[in-house]
Structure formats: structure tokens, C-alpha cells
Amino acid sequence: MQLLTNTHTFPYTFEETIVAVWQKYPNDMSEHVKCIDILDRKYNKEEKKITTHRLITCQQKIPTWLQYIIGKELTKSKVLEISELDYKNKQFSLKSLNITGGKFLKVYEEVVYKPNMAGNTTEFKQNAYILGNTNFNKINSKIEDWSISRFNFNAARGKKGFESILELLFGTRENN
């Protein structure tokens, strides 16, 4: 298993950032995200929390050697995402897990958005756990290495795409 961690400070308020999260897709930088379906959404009035379950459909090219292992049909994958907006404590967390291809690869991702102490920017932290899930260590290692490379590529493009949505909604701002 391998762990990836990314952090970033967005020069937008917590409220602005959360509005943009719901508008993130589609964007030109995350073309691999094909569809997002909201499966369930609940509001807890006493705790001021909104919990949302979404099904995210992605499609991307995979190397030929990997197609031989997992099959061509797994170029399209489904991811279950559960998010919780805790407005009382000013935190937005998302947890996701792939629900296709799990017998070959498991990807578990946690993302947290929080306002910084000054309150005018938003802190972002992302952890992704990537685990090759076959009976062969060498194949697991190769699958994990490719997945980490692809995850980093998609994360960098996703950040640029998200920043373009923030700019579209709230104007351009510079990080301090």
C-alpha cells in the first residue's frame, strides 16, 4: 500500500470554496470524470450537517500491459463518494472508494477543506491510499506505481480545473 498526500491553500473563503466544490465538474482539466450522480442527500438540522452520497463515473486510458491483467472494460470505473459538510464546525470532508476493479486495485481517498485561522482562505488536505490487490507482489507494485502516477496527474489537473471554477465564480485571487 502506498500513501499520497497533497495540501494546498485556496485564496477563497470557506463558503466560496464549498460553493465551487459542487460546481467542479465538468471542467476542461478533468475530462476523465464523465458523470456524477447524487444517490442520497440528508440534512441534520440540529448538527448543521449535510451528508451526500455520490456515484462518480470516470473513464481513462490504461496501459496495454494493465488491460491484459484487468481487462479493457475497466477503463470505465465507478467511485462511491460520501461527503459531509459540517457547517457548525466549518469543515467539509469527502471520502471515496473505487467500487469497480477492487479485486485488482483499491483506492481510498480522504479530502478535507477547512478555513484557515484568518478565515479568508481555505486549507485543503488530500490523502489517497493505493493498494494493488492481486496475489502477486510484483504485479501489485507495478499497478500501484502506475496508479500513483495517474492519480498525481489527475490531481494536478483537477486542482487547475477547480481553480478555474473558483476564478469563474469569484474572480482571480493570488495566494499570499
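The values are calculated or read from the model by the stated rules, or taken from the named source; none is laboratory data. Owing to the predicted nature of the structure, the values given are computational and were not obtained by experimental measurement. In this analysis, Cβ positions are derived from the backbone assuming ideal geometry, glycine residues included, and neighbour counts consider all displayed protein chains.
General observations
- Test: residue in region 88-97 that is closer than 26 Å to Gln23 by Cβ, touching a residue at least 12 places away in the same chain (Cβ under 8 Å) and small (Gly, Ala, Ser): yes
- Looking across region 121-138 at every residue that is assigned to a loop (DSSP other than H, G, I, E, B) and either aliphatic (A, V, I, L, M) or touching a strand residue (DSSP E or B) at 6+ places or on another chain (Cβ under 6 Å) (or both), the one that is modelled with the highest pLDDT is identified as Thr121.
- With respect to being assigned to a strand (DSSP E or B), among the aromatic types (Phe, Trp, Tyr), out of contact with any Asp or Glu (no Cβ under 8 Å at 6 or more places or on another chain) and in contact (Cβ under 8 Å) with a residue 12 or more places away in the chain, Tyr108 fits the description.
- Residue list for region 26-68, filter: out of contact with any Gly (no Cβ under 7 Å at 6 or more places or on another chain), under 22 Å from Phe153 (Cα atoms) and either surrounded by 16 or more Cβ atoms within 10 Å (Cβ to Cβ) or hydrophobic (A, V, I, L, M, F, W, C) (or both): His32, Val33, Cys35, Ile36, Leu55, Ile56, Cys58, Ile62, Trp65, Leu66
- Test result for Glu16, in contact with a helix residue (DSSP H, G or I) (Cβ under 8 Å, 6 or more places away or on another chain) and either modelled with pLDDT of 95 or more or in a strand (DSSP E or B) (or both): yes
- Some residue of region 148-166 being on the phi < 0 side of the Ramachandran plot, surrounded by 14 or more Cβ atoms within 10 Å (Cβ to Cβ) and not in a helix (DSSP H, G or I): no
- For region 122-147, the candidate set comprises residues that are hydroxyl-bearing (Ser, Thr, Tyr) and buried (at least 19 other Cβ atoms within 10 Å of the Cβ); within that set, the residue that is nearest to Leu4 (Cα to Cα) is Ser147.
- Residues that are more than 14 Å from the chain's Cα centre (by Cα) and not hydrophobic (A, V, I, L, M, F, W, C) were ranked within region 9-23; the one that is farthest from Leu169 (Cα to Cα) is Thr9.
- So Thr57, is it assigned to a loop (DSSP other than H, G, I, E, B), closer than 16 Å to His32 by Cα and without any contact (Cβ under 8 Å) to a residue 40 or more places away in the chain: no
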